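Just so it is clear, none of the values below were taken in a lab; they were calculated from the coordinates. Worth saying up front: this structure is predicted, and the values here are computed from it rather than measured. For neighbour counting, all protein chains shown are included, and Cβ atoms are generated from backbone atoms with ideal geometry for every residue, glycine included.
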Amino acid sequence: MKTLLAKTLIFLLAGTLSTQVWGQQPYQISTEGLKLEVHGTSTLHDWEMVSDVATGTAQFAVQGTAFTLSRLLVEMPSESIKSGTSSMDDNAYEALKTEKFPKIRLVIKEAEGTLNQEGKLVGTLTIAGVSKDITFTTTVTQVGSDIRTTGKAAFKLTDFAIDPPTAVFGTIKTGNEVTLHIEALFKEKK
């Protein structure tokens, strides 16, 4: 009896693992609805910078309402984020050291969750040559065969060795805390 139970458990475990490993599908980020926003404050006003340029891939498996993610990578050119004001953009690019570090990168190694429910994903964000783990509040949705992710994470610029930019001889100061919002559609690779 114990042998039969042990064999059954091993079979079920192997089936679960193979579903999670073999059921993973490769996805490519789409420019459809892609939006990356950075929100912050300053002594003058709140601000935002937006980009709709990124490349990325992911490995997802969906089973019922559950999903597993074995890897997600998103990269964007540092100078693709724009505020609509060239002087602010220039200050931001200088703070981000974009000449030396032309890309911002997010890597999530693995995660599990429930579709259409807010959850937490931990990823490694690399900005200005500094990599730190940050936690994203995220919702993953299945749209046909595609996967839509929306998420946000708050962090301090100084965590990434970035001095908050100033302007007008230091009279306007950027706040240290910023929030990164990401909306992305991942299309299944065929």
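Would you work out the relative contact order for the chain, in percent, from Cα pairs under 8 angstrom that are 6 or more residues apart?
It rounds to 24 percent for the chain.
Mind giving me the nanometre distance, one decimal, between the label points for GLU177 and VAL107, set 7 Å out from Cα along Cα→Cβ?
In this crude spin-label approximation the distance works out to 2.9 nm.
Region 146-190: Rg/Rh from Cα coordinates, Kirkwood Rh? Provide the component values of the computation, followed by the final result.
Working: Rg = 16.5 Å, Rh = 13.1 Å.
The Rg/Rh ratio comes out at 1.26.
Over all Cα pairs of region 48-90, how is the pair count split among 5 Å bins, expressed in % and running from 0 up to the last occupied bin?
Here the calculated profile for region 48-90 is 6, 18, 18, 13, 12, 11, 10, 7, 4, 1.
Calculate the dipole size of region 128-190 relative to its Cα centre from +1 charges on Lys and Arg beta carbons and -1 charges on Asp and Glu beta carbons; express the result in debye to the nearest 20. If you can, show how the numbers build up before the last one.
Working: 8 positive and 7 negative charges, 40 e Å.
Here region 128-190 has a charge dipole of around 200 debye.
Which of THR57, THR41, THR85 moves most in a GNM of the chain, Cα contacts under 10 Å?
In this elastic network of the chain, the residue with the biggest mean-square fluctuation among THR57, THR41, THR85 is THR85.
Sort out for me the Cα centre separation of region 113-190 from region 49-104, rounded to whole Å.
Between the Cα centres of region 113-190 and region 49-104 lies a distance of 8 Å.
Give me the net charge for the shell around GLU94: Cβ to Cβ below 13 angstrom, other residues only, Lys and Arg +1, Asp and Glu -1.
Within the 13 Å Cβ shell, the charges total -3.
Which angle between 0 and 90 degrees, to the nearest 10, do you get for helix 2-22 versus the longest principal axis of the chain when only C-alpha atoms count?
Relative to the chain, helix 2-22 is tipped by roughly 40 degrees.
Only four residue types carry charge here, +1 at the Cβ of Lys and Arg and -1 at the Cβ of Asp and Glu. Report the dipole size of region 25-188 about the Cα centre in Debye, rounded to the nearest 20. Write down the numbers at each step before the final one.
Working: 15 positive and 21 negative charges, 65 e Å.
About 320 debye.
Taking just the alpha carbons, could you work out the radius of gyration and Dmax for region 50-161, both in angstroms?
15.5, 49
If one takes the longest principal axis of the Cα atoms in the chain, at what angle in degrees, from 0 to 90 and to the nearest 10, does the Cα axis of helix 86-96 lie?
60 degrees
Report Rg (one decimal) and Dmax (nearest whole number) for the chain, counting Cα atoms only, units Å.
Looking at the chain, its Cα Rg and Dmax stand at 20.1, 80 Å.
Using 19 Å as the Cα-Cα cut-off, could you pick out the over-long pairs in LYS35/LYS132; LYS35/LYS173; LYS35/LYS187? Could you put the intermediate results ahead of the total?
Details: LYS35/LYS132 22 Å; LYS35/LYS173 26 Å; LYS35/LYS187 15 Å.
The answer is LYS35/LYS132; LYS35/LYS173.
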